[in-house]
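Chemist: Please see the structure below; I have some questions.
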Amino acid sequence: MYTSKISGLGSYVPENVVTNDDLSKIMDTNDAWIQERTGIKERRHIKKGDGNSTSVMGVKAAKIALERAGLTTDDIDLIIFATLSPDMYFPGGGVRVQHMMNMKTIPALDVRNQCSGFIYALSVADQFIKTGMYKNVLVIGSENHSGGLDMTTRGRGVSVIFGDGAGAAVVTRSEEEGRGILSTHLHSEGAHAKELSLEGPSTEHWVPEIIEENPQENIPYYPYMNGQFVFKNAVVRFSEVINEGLQANHLTARDIDMLIPHQANLRISQFVQKQFKLSDDQVYNNIQKYGNTTAASIPIALTEAWEKGKIKEGDLVVLAAFGSGFTWGSAIIRW
């Protein structure tokens, strides 16, 4: 039976750094307020004219991952692209990556699972490889949040949190038992879909309808988040799905060498860290520098942790995410 492993990692973030002090100049907020609630100090935003887009950033991260895997574009059998902020309403970013990287006419699949998008995409890649259908799958998480945020005082509760960036992983077939991706675990609860959502423009709320029916102070084409409700659900679901993954592999929290949570809020990560009695060296957080990059946050953090030597061969690495949908998931990896 085939197994799958991550053979290459890459990440990219725009050069444009936006600090909390920068935001305080365009909305009623300040550095202390943002750090106290989120842990974020700065984030990266695409700058007009820098040539970046969701797909372009994905390509930049993918090229690094491919080089580190020792592969070329001809070796890739499938692209899985996770994002909530594609360049266009349709088609999705996967086919744009296929074109930009001059790949063969391989399939491209887009995943719309927001903050847990990379975990879902990784799970799909893992299954395609384990069934023997594909040998090398390129998994990308990329987001251009800054293009759709309400950068005023009205939108500060959401807009201060999110940043732009991309991360990529090459998932490769292996026959080494007990190594690589051991298992993935996915869940959803659509009853709470509107607690973290963007309702329009959409086929239910198209642009002319929004303009005619909604006053300026209530614009539904910006993201909405019920922050406290999301936080309370996140800490519960994070713990549940991590435990589910550990138990499925007959492991305990004591076996974890590195936990990389989705970078939603530093307070959530710290809460989960405390629950599992993990040290600072066993949890990797970079939300302080990049904010919440949604589907890109785990691959960016995973890449950085690996680059810094914090993940070594044989380590047990746990990935976990929770977000809009609600959707959540975990991946248990023996590096």
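Readers should treat all values here as calculations from the given coordinates under stated rules, not as data from a laboratory. Everything numeric here is computed off the predicted structure, so don't read it as measured data. Here the Cβ positions follow ideal geometry from the backbone for every residue, glycine too, while neighbour counts run over all protein chains shown.
Chemist: List the residues whose amide H sits under 5 Å from the amide H of ASP110, counting only those 5 or more places along or on another chain, with H placed 1.01 Å from N in the peptide plane.
Modeler: For ASP110, whose amide H was placed from the backbone, the distant partners under 5 Å are PHE81.
Chemist: For THR131, put the label point 7 Å out on the Cα→Cβ axis and report which residues of region 171-199 keep their amide N under 18 Å from it.
Modeler: 171-174, 183-186, by backbone N distance to the label point.
Chemist: Taking the Cα centre as origin and putting +1 on Lys and Arg beta-carbons and -1 on Asp and Glu beta-carbons, what dipole magnitude results for region 64-203, to the nearest 20 debye?
Modeler: It works out to roughly 140 debye.
Chemist: How large is ³J(HN,Hα) for each residue in region 276-288, as worked out from phi by the Karplus curve 6.51 cos²θ - 1.76 cosθ + 1.60 (θ = phi - 60°), to whole Hz, x for Gly and Pro?
Modeler: 8, 6, 9, 7, 4, 6, 9, 10, 10, 10, 9, 4, 4
Chemist: Quote the charge dipole size of the chain about the Cα centre in Debye, to the nearest 20; the model charges only the Cβ of Lys and Arg (+1) and of Asp and Glu (-1).
Modeler: 600
Chemist: Taking amide H positions as placed 1.01 Å from N in the peptide plane, with prolines and chain starts having none, which residues 5 or more places from GLY325, or on another chain, fall under 5 Å of its amide H?
Modeler: Close amide H contacts, sequence-distant or interchain: LEU196.
Chemist: Highest mean first, what order results for 256-263, 100-107, 162-169, 314-321 on Cβ atoms within 10 Å?
Modeler: 162-169, 256-263, 314-321, 100-107
Chemist: Rounded if a/c is under 1.5, else prolate if a/b beats b/c, else oblate: with a ≥ b ≥ c from the C-alpha gyration tensor eigenvalues square-rooted, which is region 44-102?
Modeler: Oblate shape, in that a/c is at least 1.5 and b/c is the bigger or equal ratio.
Chemist: State the extension gain, in nm to one decimal, for the chain segment bounded by GLN282 and SER188, taking 0.36 nm per residue of separation less the distance between their alpha-carbons.
Modeler: Here the answer is 31.1 nm.
Chemist: I've got another one for you. Full-extension gain between ARG154 and GLU240, please, as 0.36 nm times their residue separation minus the C-alpha to C-alpha distance.
Modeler: 27.5 nm
Chemist: Cβ neighbours within 10 Å, averaged per peptide: list 307-313, 190-196, 74-80 in order, most packed at the top.
Modeler: By packing density, highest mean first, the sequence is 74-80, 190-196, 307-313.
Chemist: Between the DSSP loop rule and a limit of at most 16 other Cβ atoms within 10 Å, which trypsin sites (Lys or Arg not before Pro) in region 220-307 are left?
Modeler: Of the trypsin sites (Lys or Arg not before Pro), the ones in loops of region 220-307 whose Cβ has at most 16 other Cβ atoms within 10 Å are LYS277.
Chemist: Cα-Cα over 23 Å: which of LYS274/LYS310; LYS47/LYS194; LYS5/LYS41; LYS194/LYS274; LYS130/LYS308?
Modeler: Pairs exceeding the cut-off: LYS47/LYS194; LYS5/LYS41; LYS194/LYS274; LYS130/LYS308.
Chemist: Determine the sum of side-chain charges near SER53: Lys and Arg each +1, Asp and Glu each -1, restricted to other residues whose C-beta is under 13 angstrom from that of SER53.
Modeler: Net local charge, SER53 excluded: 0.
Chemist: Among VAL158, GLY148, LEU182, which residue has its Cα furthest toward the positive end of the charge dipole of the chain, with +1 on Lys/Arg Cβ and -1 on Asp/Glu Cβ?
Modeler: Checking the options against the dipole of the chain, the answer is LEU182.
Chemist: Please state the shape class of region 224-335: rounded when a/c is under 1.5, otherwise prolate if a/b exceeds b/c and oblate if not, all from the C-alpha gyration tensor.
Modeler: In terms of gyration-tensor shape, oblate.
Chemist: Taking 0.36 nm per residue of separation and subtracting the Cα-Cα distance, what length does fully extending THR19 through ALA32 add?
Modeler: Extra length available between THR19 and ALA32 comes to 3.5 nm.
Chemist: Defining a contact as two alpha carbons under 8 Å apart and six or more residues distant in sequence, what relative contact order in percent does region 227-284 show?
Modeler: 39
Chemist: Show me 19-30, 130-141 ranked by packing, highest mean number of other Cβ atoms within 10 Å first.
Modeler: 130-141, 19-30
Chemist: Here's another thing I want to ask about it. Using Cα pairs closer than 8 Å and at least 6 residues apart in sequence, work out the relative contact order for the chain, in percent.
Modeler: Value for the chain: 26 percent.
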